[in-house]
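Q: Encoded as structure tokens, here's the structure I'll be asking about.
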Amino acid sequence: MTIPQDRLRNFSIIAHIDHGKSTLADRFLELTHTIDPRQMTSQVLDSMDLEREKGITIKARAVRLEYTAADGLRYGLDLIDTPGHVDFSYEVSRSLQACEGAVLVVDATQGIEAQTLANVYLALRQNLVIIPVVNKIDLPSARPDVVIEELESVLAIPREEVLLASAKDGTGVPEILQAIVDRVPPPKGDPEAPLQALIFDSHYDPYKGVVVYVRLDQGTLHGHDRILLMASGVDSELLELGVFRPQLVPVERLAAGEVGYVATGLKSVRDARVGDTVTSHARPAAHALPGYQPAKSLVFAGIYPISGPDYPALRDALEKLHLNDASFSFEPESSVALGFGFRLGFLGLLHMEIVQERLEREFGLDLIASAPSVAYRVVLSHDRGIVEVDNPSQMPNAGEIEEIREPWVKLSVVSPAAYIGSLMELATGHRGSFQQMEYLDPQRVLLTFELPLAEVIVDLYDQLKSRTQGYASMDYEEIGERAADLVKVDVLVNGEPVDALSVIVHRERAQVTGRDLVHRLRRLIPRQLFEVPIQAAIGSNVIARETVAAMRKNVLAKCYGGDITRKRKLLEKQKEGKQRMKRVGSVEIPQEAFLAVLRVDEG
Amino acid sequence: MAKVPAVGDGTGASAPAEAAPAESTVDIAPAEAAPAETSPAPAPAPAPAPAAPADAAPAAEPPAERRPPVALYLHVPFCVSVCPYCDFVVYAGSAARGPRSLVEPFLDAVLAELELRADGLDMAFGAPATSARPALASLYLGGGTPSLLGAGAVERLLERVVARFGLAPHAEVTIEANPGPDERGDLAGFRAAGVTRVSFGAQSFADAELRRLGRRHAPDDVADAVAAARRAGITSLNLDLLYDLPGQDQERWGASLDAALALAPDHLSLYALTLDDPEAEGLAGPLGDHLATRPGARRWRERARADQDEDRAAAAYELATERLAAAGWRGYELSNWARAGHESRHNLAYWERRPYEALGPGAHAFDGRTRRWNAARLDAYLAALRPRSGPPHLPPGGAETPDPAQAEVESIVLGLRLDRGVPAALGERPRFAAAIGWAMANGLLERLAAGESDRLRLSVRGRLLSNELFARLV
């Protein structure tokens, strides 16, 4: 049954992690009878195991709610779920672009957090109507008045617009649905005009091919229309179209303003990219919708199978996963220490962690990641241009470099005021500079800093949490690049560089980093038949050195009648160990040594 | 006969006549080589103990043939007290001494096993001391502390060995003994019973080291024990010493070595203290050849291990190698040194991969094809061989038949423990060539060309690093 355009509402829920976004979505689904109560699990929209475990939304999802409002009429509310973590703000902005309104959820016990701000700014930038909700008012420690105060002073949200709710027990939830109907404008767009539908997400289905999630800006799409993807120029007979309830439910047609899916039958996601515009082959639109900036990888790391023969399986897994998550990039690379693998680009550290975990879980792989790096822009001397380097081992020699530029971010931290001093120290210790401080309420402050992204991705988040006993939250956005006095520290084993261990650090930090790497590696490399120097070097300048003494004794003292079988087995075990060794020059190093160096965070 | 500048050549005028065959075994050891002995009458062999399931898939090369033993090991599993570093099958305390001692039941049991094993050999190879089944060239009473047995018991054992296995004239008959006055036993009585060689567990000449090791004797006891053995007419005498002991420095080690040399032994076994965990290797199960390590011993080993040092151990070995060479000794095996003619013929049989029979709990035997062992536990051993009803039967245990490739590896690995090394041709086989080439290039192996014989042997550094090569050969 079709719902007229003036009774459609497209909205998102935006919130800081753990402020109750997914629980609120669950209540919406129940209240609108979208899901059979017997099939109701918690956090319905977070269907990935990882999402449930981590309590976060990784991937946006959409769902059509049918709600009978106070006026007795049935409305179609398309909820487009959004991830809450800073790494995924790109995904959030994409979702918001398909909406006219956003429900802003703030925890009544926590107040505004860093991502609350970030997400609100994203929504405001898209001119969305914001419906502020103070959630968790059932908790004894709830302080809705303070939070309302914060919303007013920090975000200029009038207090009379704020709704109070408890998504957990359902208090205030019908009022939120009613507010969506009342306050969010219906989508505009002429259903009779040529079709323009923006792809905001996609997944791959083995039977239906690439399934794109679209919002129709104008025009109407009918089943069995022939569609054209405007950017890629590919056309296709569509197999099915429908809405999200939240499973895919086919419908006869989708009209301007509606959110739904289109099964394209296409075999390659490359042909149906997120941000492309779907139009009708018979009557194409004059021009495509503006689309999106492609996701920009901020963090890079090598991902390697722990056992070499898994390489083809890893390649396979990456290709499959990429169909579901186009926001990471990958290309093959190889490493002396780690063998064959891939260089992956991620939206952030959490994204990196999630991609690695999904590869391991969903594809049964055992992986090791090299230390994460940012992308540097290197200006070569003698006007030989600029190269981008996201793998430290590829950094040109110091002599060829005019200047290295690194990405910087603006970091926002919301924290109890008691930790201001400690946070200042933390930021300056990470080459940051303090910008601004604003009191959200007498006890809480919003601090802003500028600092290099490379400093953020090392351990900043963990340190922030530990210094504030978990109370502070952070968010960052890119603010361009700046030149810095950076150097590449190489680790050499017996004179041979170990590519996976090269790092780019600020010159002042090079000594400490080099000494630490060399020291750790020395303890992990077994003695060889000869003395093995382990050095850290900047170019040809050795900044730290330790030595693994030569092995002097590996012998079975006794070998009599009762020992022969046992000792042969022992030797066979030693041989297996040797076969697993990686060779750097003539030095045999157990892969575990590299893994240990890469894994250990000695913060 | 090819002249080999090793055992055969160095044994000198006093070498017993039967030393000659020792030289050939390593050379023929590769599994496909025909055994020297002719096959015996096709009498059914006694069923071997249940084979380990790991036995390999059918190998391309035919399995080696069964051969009669040249040596016999008899394990006496009793000590007055157990030393915390020791992994041998040992029972101490009331099991070893006093009214509830298990020594007599054990003697009955081991004699019963002796008869059963000999029956099996009779069936396979015919009567002892014939050309198809030559008399034993050596007998070794090991332990434990076999010197705790009375002379009468030793005499009884030897008598049955002679009757059922045969003992060649001038055969080497060794008994292990502790040096303490209450443990060294009736040396004259042993000699009279036929013992020709005594091996004393001296371990150290430093009082503090002996105490830390849990030894019951004092340094001076060793001299007394040696004197007593000489008085008893023992002409071949070994001392065991340990290095890389917790707290041992080079000076102390040198001093122990000198003190041992001052007693003019004929043979020295110098072992790096090795602290294993047989349980972790899965050797202490019901059919395993080891007993579980006691918790106290386990703790002792953990502490001692932390106090060991690879560099110190290597230096100790090098010191011993130099000092003994200067004194005219020959390091004929990785851990064994002898004055000319006093190489242990019994132990050479192991390294030359010759067949040996074995009796007693935890003891291992090898018949040229299959290695079998008795389970370590004395109660199960006694229950099988001294049953309440019915005839004695063979004790529980295990067996393993190395496939031809494994047999070849054993030959080269064991052969390289000896200073005479292995024939160069063995090292040229395709499966060994890369590892041998690597070892030559790294100075672990040296070539020994003398006359017609062309052999490979470990250098001194190569001895210390021999596992690096061996692990590449397996």
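The values are calculated or read from the model by the stated rules, or taken from the named source; none is laboratory data. Note that the coordinates shown come from a computational prediction; the quantities given were computed from them, not determined experimentally. Here the Cβ positions follow ideal geometry from the backbone for every residue, glycine too, while neighbour counts run over all protein chains shown.
Q: Are any residues in segment B:452-467 within 11 Å of another protein chain (Cβ to nearest Cβ) and either over 26 Å from the mean Cα position of the chain (by Cα) or assigned to a strand (DSSP E or B) (or both), and if so, which ones?
A: So the first thing to find is which residues in segment B:452-467 are within 11 Å of another protein chain (Cβ to nearest Cβ), and the list is B:458, B:461-467.
Within segment B:452-467, B:458 is the sole residue that qualifies.
Q: Mind listing whichever residues of segment B:192-214 are over 27 Å from residue B:161 (Cα atoms) and within 21 Å of the chain's Cα centre (by Cα)? Spell out the reasoning first.
A: Here is the first cut: in segment B:192-214, the residues over 27 Å from residue B:161 (Cα atoms) are B:202-214.
Those that are over 27 Å from residue B:161 (Cα atoms) and within 21 Å of the chain's Cα centre (by Cα): B:202, B:203, B:204.
Q: Considering only residues that are surrounded by 17 or more Cβ atoms within 10 Å (Cβ to Cβ) and at pLDDT 90 or above, which ones fall in segment B:446-460?
A: Correct list: B:455, B:456, B:457, B:458.
Q: Can residue B:340 be described as surrounded by fewer than 22 Cβ atoms within 10 Å (Cβ to Cβ) and in contact with a His (Cβ under 6 Å, 6 or more places away or on another chain)? Before the answer, list the steps.
A: On the way: surrounded by fewer than 22 Cβ atoms within 10 Å (Cβ to Cβ): yes; in contact with a His (Cβ under 6 Å, 6 or more places away or on another chain): no.
Spelling it out, it is not the case that residue B:340 is surrounded by fewer than 22 Cβ atoms within 10 Å (Cβ to Cβ) and in contact with a His (Cβ under 6 Å, 6 or more places away or on another chain).
Q: Scan segment A:540-549 and give yes if some residue there is out of contact with any Pro (no Cβ under 6 Å at 6 or more places or on another chain) and either in a helix (DSSP H, G or I) or within 14 Å of chain B (Cβ to nearest Cβ) (or both), otherwise no.
A: Among the residues of segment A:540-549, at least one is out of contact with any Pro (no Cβ under 6 Å at 6 or more places or on another chain) and either in a helix (DSSP H, G or I) or within 14 Å of chain B (Cβ to nearest Cβ) (or both), which makes the answer yes.
Q: Picking from A:454, A:483, which residue would you name as being surrounded by fewer than 23 Cβ atoms within 10 Å (Cβ to Cβ), closer than 24 Å to residue A:400 by Cβ and of a type in the set (A, V, I, L, M, F, W, C)?
A: Answer to the selection: A:483.
Q: With the requirement that a residue be of a type in the set (Asp, Glu) and assigned to a helix (DSSP H, G or I), what does segment B:66-108 give you?
A: Matches in segment B:66-108: B:104, B:108.
Q: Hey, residue A:510 hits all of (1) out of contact with any Asp or Glu (no Cβ under 8 Å at 6 or more places or on another chain); (2) away from chain B (no Cβ under 14 Å); (3) more than 22 Å from residue A:401 (Cβ to Cβ); (4) not in a strand (DSSP E or B) but one; which does it fall short on?
A: Against the list (1) out of contact with any Asp or Glu (no Cβ under 8 Å at 6 or more places or on another chain); (2) away from chain B (no Cβ under 14 Å); (3) more than 22 Å from residue A:401 (Cβ to Cβ); (4) not in a strand (DSSP E or B), residue A:510 comes up short only on (3).
Q: If you don't mind, another one. Among helices (runs of 4 or more DSSP H) lying entirely in segment B:330-431, which contain 1 or more residues that are at pLDDT 95 or above, over 25 Å from residue B:134 (Cβ atoms) and not assigned by TED's automatic domain parsing to the domain that holds residue B:67? So that I can check it myself, show each step before the final result.
A: Working: elements: B:345-351, B:378-385, B:404-415, B:424-427.
By residue number, B:378-385, B:404-415.
Q: Here are some residues: B:471, B:449, B:439, B:434. Which one is outside any loop (DSSP other than H, G, I, E, B), away from chain A (no Cβ under 14 Å) and not charged (D, E, K, R)? Show your work before the answer.
A: Values: B:471 fails: away from chain A (no Cβ under 14 Å); B:439 fails: away from chain A (no Cβ under 14 Å); B:434 fails: away from chain A (no Cβ under 14 Å).
One residue alone meets the criteria, B:449.
Q: What number goes with the only condition from (1) without any contact (Cβ under 8 Å) to a residue 40 or more places away in the chain; (2) surrounded by fewer than 19 Cβ atoms within 10 Å (Cβ to Cβ); (3) within 14 Å of chain A (Cβ to nearest Cβ) that residue B:371 does not pass?
A: (2)
Q: Consider residue A:552 against the criteria (1) more than 30 Å from residue B:356 (Cα to Cα); (2) in contact with a strand residue (DSSP E or B) (Cβ under 7 Å, 6 or more places away or on another chain); (3) within 14 Å of chain B (Cβ to nearest Cβ): it satisfies all of them except one. Which criterion is unmet?
A: Only one criterion is unmet by residue A:552, namely (2).
Q: Let me ask something else about it. Confirm whether residue B:437 is surrounded by fewer than 18 Cβ atoms within 10 Å (Cβ to Cβ) and in contact with a Lys or Arg (Cβ under 6 Å, 6 or more places away or on another chain). It would help to see each step written out before you state the result.
A: Details: surrounded by fewer than 18 Cβ atoms within 10 Å (Cβ to Cβ): yes; in contact with a Lys or Arg (Cβ under 6 Å, 6 or more places away or on another chain): no.
For residue B:437, the condition - surrounded by fewer than 18 Cβ atoms within 10 Å (Cβ to Cβ) and in contact with a Lys or Arg (Cβ under 6 Å, 6 or more places away or on another chain) - is not met.
Q: Got at least one residue in segment B:378-393 being away from chain A (no Cβ under 14 Å) and of a type in the set (Ser, Thr, Tyr)?
A: Of the residues in segment B:378-393, the ones away from chain A (no Cβ under 14 Å) are B:378-393.
Add one more test, that the residue is of a type in the set (Ser, Thr, Tyr), and what stays is B:381, B:389.
So far as segment B:378-393 goes, yes, one or more of its residues are away from chain A (no Cβ under 14 Å) and of a type in the set (Ser, Thr, Tyr).
Q: I've got another one for you. Considering only residues that are farther than 30 Å from residue B:332 by Cβ and in a loop (DSSP other than H, G, I, E, B), look in segment A:550-586 and name the one that is nearest to the chain's Cα centre (by Cα).
A: Quick first cut of segment A:550-586, residues farther than 30 Å from residue B:332 by Cβ only: A:576-577, A:579-586.
From the residues that got through so far, the ones that are in a loop (DSSP other than H, G, I, E, B) too are A:580, A:585-586.
Details: A:580: 33, A:585: 37, A:586: 40 Å.
Applying the filter and picking the extreme gives A:580.
For every residue, the table says whether it meets (1) crowded, with 21+ Cβ neighbours inside 10 Å; (2) more than 22 Å from the chain's Cα centre (by Cα).
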site	(1), (2)
A:79	yes, no
A:94	yes, no
A:102	yes, no
A:117	no, no
A:126	no, no
A:136	yes, yes
A:153	no, yes
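Q: Pairs, please: C-beta under 6 Å, at least 6 apart or cross-chain, first residue more than 7 Å from chain B (Cβ to nearest Cβ) and in segment A:557-582, second in a helix (DSSP H, G or I)?
A: Taking only residues 6 or more apart or on different chains, the pairs are A:582/A:591.
Q: Can you name the number of the only condition in (1) away from chain A (no Cβ under 13 Å); (2) surrounded by fewer than 21 Cβ atoms within 10 Å (Cβ to Cβ); (3) in a helix (DSSP H, G or I) that residue B:264 fails?
A: Residue B:264 satisfies all of (1) away from chain A (no Cβ under 13 Å); (2) surrounded by fewer than 21 Cβ atoms within 10 Å (Cβ to Cβ); (3) in a helix (DSSP H, G or I) except (3).
Q: State the number of residues belonging to segment B:304-329 that are outside any helix (DSSP H, G or I), without any contact (Cβ under 8 Å) to a residue 60 or more places away in the chain and closer than 23 Å to residue B:213 by Cα. Before you say what the answer is, go through the steps one by one.
A: Going through segment B:304-329, the residues outside any helix (DSSP H, G or I) turn out to be B:307-309, B:327-329.
With without any contact (Cβ under 8 Å) to a residue 60 or more places away in the chain added as a condition, the list becomes B:328.
Okay, now just the ones that are also closer than 23 Å to residue B:213 by Cα, so none.
Residues that pass the stated criteria total 0.
Q: In segment B:268-290, how many are at pLDDT below 95 and either touching a Ser or Thr at 6+ places or on another chain (Cβ under 8 Å) or away from every other protein chain (no Cβ under 12 Å) (or both)?
A: 7
Q: Cβ-Cβ distance below 9 Å, separation of 6 or more or different chains: which pairs start in segment B:247-267 with a residue that is on the phi > 0 side of the Ramachandran plot and at pLDDT 95 or above and end on one that is in a helix (DSSP H, G or I) and crowded, with 19+ Cβ neighbours inside 10 Å?
A: Qualifying pairs under 9 Å: B:264/B:226.
Q: Within segment B:219-253, which residues are within 11 Å of residue B:178 (Cα to Cα) and surrounded by fewer than 24 Cβ atoms within 10 Å (Cβ to Cβ)? If you could, list the steps in order and put the result at the bottom.
A: Narrowing segment B:219-253 to residues within 11 Å of residue B:178 (Cα to Cα): B:221-222, B:225-226, B:239-240.
Residues satisfying the conditions are B:221, B:226, B:240.
Q: Here is a follow-up. Out of A:451, A:440, A:411, report the one residue that is among the aliphatic types (A, V, I, L, M), more than 20 Å from residue A:351 (Cα to Cα), touching a Phe, Trp or Tyr at 6+ places or on another chain (Cβ under 8 Å) and assigned to a strand (DSSP E or B).
A: Numbers: A:440 fails: touching a Phe, Trp or Tyr at 6+ places or on another chain (Cβ under 8 Å); A:411 fails: more than 20 Å from residue A:351 (Cα to Cα).
The unique qualifying residue is A:451.
Q: A follow-up question, please. Mind checking which residues of segment A:253-282 are closer than 14 Å to residue A:216 by Cβ and either surrounded by fewer than 20 Cβ atoms within 10 Å (Cβ to Cβ) or among the small types (Gly, Ala, Ser) (or both)?
A: Selection gives A:253, A:255, A:256, A:257, A:260, A:280.
Q: Report those helices (runs of 4 or more DSSP H) wholly inside segment A:40-125 carrying at least 3 residues which are modelled with pLDDT under 80.
A: Values: elements: A:49-54, A:89-97, A:114-125.
Because the criterion is at least 3 residues that are modelled with pLDDT under 80, the helices (runs of 4 or more DSSP H) in segment A:40-125 that meet it are A:49-54, A:89-97.
Q: Could I ask something else about it? Let me confirm something: among B:131, B:147, which residue is in contact with a strand residue (DSSP E or B) (Cβ under 6 Å, 6 or more places away or on another chain) and hydroxyl-bearing (Ser, Thr, Tyr)?
A: Of B:131, B:147, the one residue that is in contact with a strand residue (DSSP E or B) (Cβ under 6 Å, 6 or more places away or on another chain) and hydroxyl-bearing (Ser, Thr, Tyr) is B:147.
Q: Testing residue B:162 on (1) assigned to a helix (DSSP H, G or I); (2) more than 24 Å from residue B:97 (Cβ to Cβ); (3) more than 23 Å from the chain's Cα centre (by Cα), one condition comes back false. Which one is that?
A: Of (1) assigned to a helix (DSSP H, G or I); (2) more than 24 Å from residue B:97 (Cβ to Cβ); (3) more than 23 Å from the chain's Cα centre (by Cα), only one is false for residue B:162: (3).
Q: Here is a list of conditions, (1) of a type in the set (A, V, I, L, M); (2) within 20 Å of the chain's Cα centre (by Cα); (3) more than 10 Å from chain A (Cβ to nearest Cβ); (4) more than 29 Å from residue B:360 (Cα to Cα), and residue B:425 meets all of them except one; can you say which number that is?
A: Unmet condition: (2).
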